[in-house]
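Read through the structure below, which is laid out as structure tokens, and then see the notes.
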Amino acid sequence: AGSRGRNRGIGIITSRHLLRALLIATTLAAVRCAVPGGRSRLSCLPGFALSGAGGVRGLAMAVPTAVSCTWLKDNIAQVKVLDASWYLPVMNKDARAEFSARRIPGALFLDIDKVCDHTSEWPHMMPPAQLMASTCASLGITREDHVVVYDGKGVFSAPRAWFMFKAAGHGKVSILDGGFPKWESEKLPIDTEPKPVDATADTPSAYSCEINSAMVMDTAAIEANIASGARQMLDARPKARFLGAAPEPRPIESGHIEGSFCVPWTDVLTPELTFKSEAELKATLIAAKVDLSKPVGITCGSGISACVVGAALHILGMTDTPLYDGAYTEWKTSGKPTFKDVEKSPYA
């Protein structure tokens, strides 16, 4: 009787740990599927099918940070697609008019300038939880939905929408790598039926959320960080603006915040405006003197392009990347000190 009891115990332990063993085996398979250059071939794992290189990006995440156009085409019925296009005034483009005329089939429009904190004097600041929730509900998005965001530039403003969802605790969100230009270049379906930019879902959903305040930094947090040096703040603006050699798109003097690192958002992208490989991203950051073993934060001019760099960091598995939302515009307009050339920077 004792022997039979021991055998039954062994059988129970085996069953209990079978799933764990399978998960370990799957993880090992993922490691074996790694290819040179830091990319990961999830096509060799169950449940992931890639068509062409870079189908999904960001293996460390349960849901990929970026997905390819081919992946979206193959999975479009299982996701919610949002056009989150936004442009700087100097770009002379109209995101709302573009959406109304042409879009990825089934897409709805997320207006970053409307889904924001309307009590702030700074543009498109993080929306309060109630507004984020009501917007998602009107767009028919549930907490369980996988959301894919894209923009008309390639990869520019969509990461801002991605960050908004992340801050709202919505983990299942991805960026379309290369955006609408890449979708169009691959000759994938485009809906040209006129559509109101404020169109909503046929059936609203129920949605609730809280904004994770730890993901957003304010001026006081930046002042404290300058004193402590706890985080490396990565500035995603073009290098010429960082150095004070080119004007800001707003009526403020260019330059940089003390101690910040210059990592222009275009530097983490290919010429096609898709994310670079993991190896290339690491090389870019190291060239900018960023220590990948230390904490980082992100900033830019007004909280948009910083999220491109933030998404690139997520692809590398660096997920603790708070955003200085008011960014350089708030800092400079508030009369805080800024510097030109390489003064008070890691490059001095």
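Quick one: with all protein chains in place, what share of the accessible area of the stretch 187-266 is carbon or sulfur, to the nearest percent (1.4 Å probe)? Mind showing how you got there, number by number?
Details: 2330 of 4230 Å².
Percent of accessible area from carbon and sulfur atoms in the stretch 187-266: 55.
Taking the centroid of alpha carbons for each part, the stretch 299-348 and the stretch 215-234 are 10 Å apart. Overall, the accessible surface of the stretch 122-181 at a probe of 1.4 angstrom is composed of carbon and sulfur to the extent of 57 percent. With 25 Å as the limit on Cα-Cα distance, the pairs of LYS80/LYS187; LYS80/LYS195; LYS114/LYS344; LYS282/LYS332; LYS73/LYS195; LYS80/LYS114 that go past it are LYS114/LYS344; LYS282/LYS332.
In this simple spin-label approximation, LYS93 and GLU184 carry label points 7 Å from Cα along the Cα→Cβ vector, and these lie 0.8 nm apart. What the stretch 74-137 shows is 46 Å² of accessible area per residue, with the surface traced by a 1.4 Å probe over protein heavy atoms. A cut-off of 5 Å between modelled amide H atoms, ignoring neighbours fewer than 5 places along the same chain, links MET233 with PHE261, GLY297. Spin-label model, ASN212 to LEU292: label points 7 Å out along the Cα-to-beta-carbon direction sit 2.2 nm apart.
Summing +1 for each Lys or Arg and -1 for each Asp or Glu among the other residues whose beta-carbon sits under 9 angstrom from that of MET217 gives -1.
The values are calculated or read from the model by the stated rules, or taken from the named source; none is laboratory data. All of these numbers come straight from a predicted model, not from anything done at the bench. Glycine also receives a Cβ, built like all others from the backbone with ideal geometry; neighbour counts cover every protein chain displayed. For accessibility, only protein heavy atoms count, side chains too; no ligands or nucleic acids. Shrake-Rupley method; radii C 1.70, N 1.55, O 1.52, S 1.80 Å.
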